[in-house]
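Data first, discussion second: the structure below is written as structure tokens.
The values are calculated or read from the model by the stated rules, or taken from the named source; none is laboratory data. Since we're looking at a predicted model, the values are computed, not measured. Every residue, glycine among them, receives a Cβ derived from its backbone with ideal geometry; neighbour counts consider all protein chains shown. When the accessible area is computed, the model is the full protein with side chains, heavy atoms only, and any ligands, DNA or RNA have been set aside. Shrake-Rupley method; radii C 1.70, N 1.55, O 1.52, S 1.80 Å.
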Amino acid sequence: MADNEGNIDAKDFGIGIPQKQEGFFLKGNENACYGIKSRLAQVFNPRSGRAVMLAFDHGFIMGPTSGLERIDLTINPLIEYADCIMCTRGILRSIVPPTCNKPVSLRFDSGTTILTSLNDETLEDIEDAVRLNASLLAVMVAIGDPDHEGSTIRNLTKTVDMGLRYGIPTLGVTAVGKNLTRDARYLSLATRVCAENGANVIKTYYCDEHFDQVVNSCPVPIVIAGGKKLPERDALTLAKNAIDQGAAGVDMGRNIFQSDSPVGMILAVREVVHNGATVDQAYDCYQTYKAEGKCPNACCCNK
Ligand code: 5RP
């Protein structure tokens with residue numbers, strides 16, 4: 001208990017100096033509550049305003065896909081290089097060490113797999129997300145899917161409402177599906193619908209034409225998925241193009257963990273996302289790490 005005697009009188013009131021006000025660095029989240037902003041600032045680096053999220057939630061629809069057969073062996077060594085990890089609660093509880101101390105984008109929906117109809121999803125329990133210390137709730141939204149559009153938008157809405165109760169932001173994930181196109185017109189519509197329904201961040205795909213229009217018409221930050229495994233240089237080019245056109249980061253999986261040098265690749269992606277590297281510089285980073293097991297420059301290790 002504070003002592004009642006011998007206290008020094010308060011006198012430094014800064015009269016005449018307005019209280020410092022800080023804007024929030026992520027677009028569209030200025031008016032969010034403290035808990036949401038605080039969690040977003042764990043995921044996105046306030047210095048660069050960007051994030052390298054490592055996605056390995058694929059098993060919830062794909063089973064043990066290549067690179068994720070033994071997450072303890074392939075993914076755990078990569079976690080230290082990510083700003084945030086995206087996974088299911090099953091993998092979090094069974095394999096990810098709680099000592100890794102990384103913000104978690106928790107896969108918050110589950111349902112069908114690639115064997116059936118994808119995107120027929122239900123939601124998990126918000127209290128479990130709180131127990132797991134989630135920093136983002138990731139929910140799939142299947143815009144344009146006649147069977148699942150309505151239910152997945154309702155899932156997003158419910159997630160946003162539950163997240164708001166506990167100060168946890170929502171990541172709207174625009175769905176994958178055989179009949180869903182990935183051009184700017186579709187992606188603008190899908191990302192905008194997620195944002196209009198309250199998602200704080202949107203995960204979507206890069207498109208070769210007019211991606212800047214997708215970013216600009218979305219009022220909250222966009223992070224891009226990497227998609228199927230590409231040659232490393234192409235994946236770095238995709239990340240670079242997305243960042244140059246306004247993406248706030250990547251939420252990348254296969255192009256990192258299916259690479260022949262996953263650490264080299266995530267370091268190279270970091271160079272693009274956080275340090276403004278060109279594709280050549282980033283590719284050099286990947287190749288050097290692959291050949292020598294160390295980075296070509298100091299900033300590469302600037303996690
Ligand atoms: C699936 C997801 C995956 O996490 C995401 O697509 C994985 O990233 P990548 O495409 O880079 O492997 O959200 O809905």
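Yes or no: Asn31 of a type outside the set (Val, Ile, Thr) and over 19 Å from Asn133 (Cα atoms)?
yes
From Asp161, Asp145, grab the single residue that is within 20 Å of the chain's Cα centre (by Cα), of a type in the set (Asp, Glu) and either open to solvent by 70 Å² or more (accessible area, probe 1.4 Å) or more than 28 Å from Leu132 (Cβ to Cβ) (or both).
Just one listed residue meets the conditions, Asp161.
Report whether or not Phe56 is closer than 17 Å to Lys203 by Cα, among the hydrophobic types (A, V, I, L, M, F, W, C), touching a helix residue (DSSP H, G or I) at 6+ places or on another chain (Cβ under 8 Å) and within 11 Å of the ligand (Cβ to nearest atom).
Here the answer is yes, as Phe56 does meet what is asked.
Residues being in a loop (DSSP other than H, G, I, E, B), over 27 Å from Ala41 (Cα atoms) and either touching a residue at least 24 places away in the same chain (Cβ under 8 Å) or open to solvent by less than 70 Å² (accessible area, probe 1.4 Å) (or both): count how many of those fall in region 106-137.
Total meeting the criteria: 9.
Restricted to region 60-105, and to residues that are in a helix (DSSP H, G or I), modelled with pLDDT under 95 and not aromatic (Phe, Trp, Tyr), which residue is surrounded by the most Cβ atoms within 10 Å (Cβ to Cβ)?
Ranking the candidates gives Ile61 first.
Results for (1) under 16 Å from Arg165 (Cα atoms); (2) open to solvent by 90 Å² or more (accessible area, probe 1.4 Å); (3) out of contact with any helix residue (DSSP H, G or I) (no Cβ under 8 Å at 6 or more places or on another chain), shown as yes or no for each residue.
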{"residue": "Lys11", "(1), (2), (3)": "no, yes, yes"}
{"residue": "Gly14", "(1), (2), (3)": "no, no, yes"}
{"residue": "Lys20", "(1), (2), (3)": "no, yes, yes"}
{"residue": "Phe24", "(1), (2), (3)": "no, no, no"}
{"residue": "Gly28", "(1), (2), (3)": "no, no, no"}
{"residue": "Asn31", "(1), (2), (3)": "yes, yes, yes"}
{"residue": "Ser38", "(1), (2), (3)": "yes, no, yes"}
{"residue": "Val43", "(1), (2), (3)": "no, no, yes"}
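Which of (1) in contact with a strand residue (DSSP E or B) (Cβ under 8 Å, 6 or more places away or on another chain); (2) open to solvent by 20 Å² or more (accessible area, probe 1.4 Å) does Ala239 not meet, given it meets every other one?
The number of the failed condition is (2).
Could you list, in sequence order, the residues of region 219-263 that are near the ligand (Cβ under 9 Å from one of its atoms) and either basic (Lys, Arg) or assigned to a loop (DSSP other than H, G, I, E, B) (or both)?
Answer for region 219-263, where residues must be near the ligand (Cβ under 9 Å from one of its atoms) and either basic (Lys, Arg) or assigned to a loop (DSSP other than H, G, I, E, B) (or both): Ala225, Gly226, Gly227, Lys228, Lys229, Gly253, Arg254, Gln258.
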